[in-house]
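Below is one structure, written out as structure tokens, with a few remarks after it.
Every number here is computed from the coordinates shown, using simple stated rules; none is lab data. Computed from a predicted structure; not experimentally measured. Here Cβ is always computed from backbone atoms with ideal geometry, including for glycine, and neighbour counts include all displayed protein chains.
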Amino acid sequence: MEFFHGVNVDWMGKAKYFVALSLLLLVVGWLSIYRTIVVKHGTLYGIDFRGGTLVYVRFAGKPPIDQIRKGLQQAGLPNSTIQGISDTRSIGSQNDVVIGLEQAQGDESLDAGKQKILDVLHATFGTGSSKPDFNSLTQPVLAADLTRKDPLLLGTNAGDRYNQLATRLTSARDTDHSGIVTSFDELKNVEGVTPAVTGFLANDYSLGNFAVRDAEIVGPKVGAQLRRQAFFATLYALGGMLVYIAFRFEWVYGAAAVIAVFHDVLITLGFFSLFHYEISLTVIAALLTLVGYSMNDTIVIFDRVRENLRLMRRESFPEIVNKSINQTLSRTILTSGLTFLTVLVLWVMGGEVLRAFSFAMVVGVVVGTYSSFGIAAPIVVLWNKYGGGQAATARVGSAAEKRVAAVARR
């Protein structure tokens, strides 16, 4: 499928505009990173890399961010973070917040950090009752209370029945009411619930206006190890691709491709700072995916350049590169366009868990596509002009001819 026929765009003549755009994006992005780290004393790392505690909390109404922050400050946790989240796939998630607490003292303080956050929440938003909060109740505890009180008068052998009832009650709370029950009457339609059960719930439990949905704990030692492994994984990926392209083409092609990919990663990190996303393990996965995607697009162009070196002996090298880019333009638009639409939908509708990953892919697909012909190709042309590249170009052409001749002899 071809979208364009007879395209004759002078890409190398416009290379200076691509370079200027890249410099602008790099400067703006890394100024934002400097401001985040140096001026605000913040961090780009997520909990996976810096270590600490994250507690996911859902409120019955709009989260009172100011009250949460005030409670944390009064509890001696001024460096904690509060972030509202919204998962379009989950009803009620617009009332969710993530409370983060960085830990630097050691792994033994992590559980204590989680408990401090929970204590602040209960002190600030507790029901003021000594009764257990039904919205924070687990299924085993509820089943044990039901069995002990026996509101259905089932006798001593009713453990299985109450286990099933407790499962249905907690499932209705978490699934049908997004984890927050504001009135016990909301549970009267649950299978097995009678007025006696509703009365038992109202008499023995209170209803808080928040519920802890999840908690994540990562030790600082583990976080430092993950940072180091992620750094080396990225370097190994770039190094492996450099060796492959240098072997497949010429070293300058490999160097140009790696520089372009490195350029893509730096710009993507700058966008992460601008849009206040944190770098986590899923983001590293996205960056490695971006490395492979951008490299593949660059190799397609370089392979066409190598073919045209044999077919267009009388043309100048910049003209050959322009011709090669124009010939692969339809393929670039088709593959990059469809990939962009896919990751864009994933970013918009994929939920909070995939938001950072899909954002990295959205930025990376755009930047990686234009860097293939706006950064990598001009580097090869520049080296060909000023770095004695004519001889290497001839070797690439002759090597291609030898491979074609070998295949023909077979």
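So the values come out like this:
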{"read-out": "Extension reserve of the residue 149-residue 176 stretch, reckoned as 0.36 nm per residue once the Cα distance is removed", "value": "7.1 nm"}
{"read-out": "Kirkwood Rh and Cα Rg combined as Rg/Rh, segment 180-267", "value": "1.53"}
{"read-out": "Distance violations [Cα-Cα > 21 Å] among 149/188; 70/114; 16/385; 114/149", "value": "114/149"}
{"read-out": "At R0 = 25 Å, FRET efficiency that the Cβ-Cβ distance of residue 73 and residue 40 yields, to 0.05", "value": "0.90"}
{"read-out": "Cβ-Cβ FRET estimate between residue 316 and residue 20, R0 fixed at 41 Å, reported to 0.05", "value": "0.95"}
{"read-out": "Dipole in debye (nearest 20) - segment 273-325, about Cα centre, beta carbon charges: Lys, Arg +1; Asp, Glu -1", "value": "380 debye"}
{"read-out": "Relative packing of peptides 360-370, 193-203, 55-65 - highest average C-beta neighbours within 10 Å first", "value": "360-370, 55-65, 193-203"}
{"read-out": "Charge dipole (segment 134-208, unit charges on Cβ, about Cα centre) - positive-most of 195, 144, 170", "value": "144"}
{"read-out": "Cα centre as origin, Lys/Arg/Asp/Glu Cβ charges: segment 181-328 dipole, Debye", "value": "920 debye"}
{"read-out": "Protection proxy ranking, peptides 328-341, 205-218, average beta carbon neighbours within 10 Å, highest first", "value": "205-218, 328-341"}
{"read-out": "About the Cα centre, charge dipole magnitude for segment 134-208 (Lys/Arg +1, Asp/Glu -1 at Cβ), debye", "value": "120 debye"}
{"read-out": "Local electrostatic count, residue 372, Cβ distance below 11 Å [Lys/Arg +1, Asp/Glu -1]", "value": "-2"}
{"read-out": "Ellipsoid semi-axes in whole angstrom, largest first, where each is sqrt(5λ) of the Cα gyration tensor of segment 134-208", "value": "19, 12, 11"}
{"read-out": "Cα Rg over Rh - segment 231-304, Kirkwood", "value": "1.02"}
{"read-out": "Using a Förster distance of 51 Å, the FRET efficiency for residue 82-residue 7 (Cβ separation, nearest 0.05)", "value": "0.50"}
